Structure formats: C-alpha cells, structure tokens
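What follows is one structure encoded as structure tokens, with my remarks underneath.
Taken together, the values in this text are just the output of simple stated rules run on the coordinates, not laboratory data. Only a predicted model underlies this, so the values are computations on that prediction, with no experimental measurement involved. Using ideal geometry, Cβ is built from the backbone for each residue, glycine included, and neighbour counts are taken over all protein chains shown.
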Amino acid sequence: MPKVKVSFISSFRAALGGADALEVEAATLRELMRTLVAKYPRMQQHIDAGVALAIDGQIYRDNWDVEIAAGAEVYLMPRLQGG
C-alpha cells in the first residue's frame, strides 16, 4: 500500500495532535479516512460535518473509492456548502 502525504487545513489540527501534515498508508480515499479515524478518533466529528479531499488539485466530495497514486499531493479540507 502506498504512503501518501496528506496536508490539513488548520481547523483539523487539534484533532490530529497539532499536525499540519501526515504520511498515511492508503490506496483509496476511503482507506485514508478510515486510517485517520482509527489513529485520530476526534477526526470523526469533522468527517461527519463534511469534508472534501483534493488529489493533485482535483476535489472529491462523494466518491471516496478514488485511488491515490504514489507521490500524489493530497489535501483534506472542510466541505464547502453551496446555496
């Protein structure tokens, strides 16, 4: 399973022990989120509130089965609500 570097917006850092980026073993966005919650249970509240993930600048909100390529740039942010 590839290791990917995941960067986070500042509002997630308290749930991640102050980290602004982590290396996580995950092949898909779903595996990434499961791994984060398993290691940092406080992330679940952020996920429940809605998050979006970007891989190399492409934003994903609903399809967490997307594969993450080795060396991809991954960024986790709160989901933007439109109206």
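List of remarks:
- Gain in span if fully extended, residue 48 to residue 70, counting 0.36 nm per residue against the direct Cα distance: 5.2 nm
- Charge dipole of the chain about the Cα centre (unit charges at C-beta), most positive-ward option of 40, 57, 27: 40
- Interchain or long-range residues, amide H under 5 Å from residue 9's placed H: 76
- In order along the stretch 21-35, the phi-based Karplus estimate (6.51 cos²θ - 1.76 cosθ + 1.60, θ = phi - 60°) of 3J(HN,Hα) comes to 7, 9, 9, 10, 7, 6, 9, 9, 5, 4, 4, 4, 5, 4, 5 Hz; Gly and Pro are listed as x.
- Overall form of the stretch 1-50 per C-alpha gyration tensor (a/c, 1.5; a/b vs b/c): oblate
- Sorting 27-37, 2-12 by their mean Cβ neighbour count within 10 Å, with the most densely packed peptide first, gives 27-37, 2-12.
- The charge dipole of the chain, taken about its Cα centre with unit charges on the Cβ of Lys, Arg, Asp and Glu (plus for the first two, minus for the last two), comes to roughly 280 debye.
- Helix-only [θ]222 nm of the chain, DSSP H runs n ≥ 4, -39500 (n - 2.57) each, per residue, nearest 500: -6000 deg cm²/dmol
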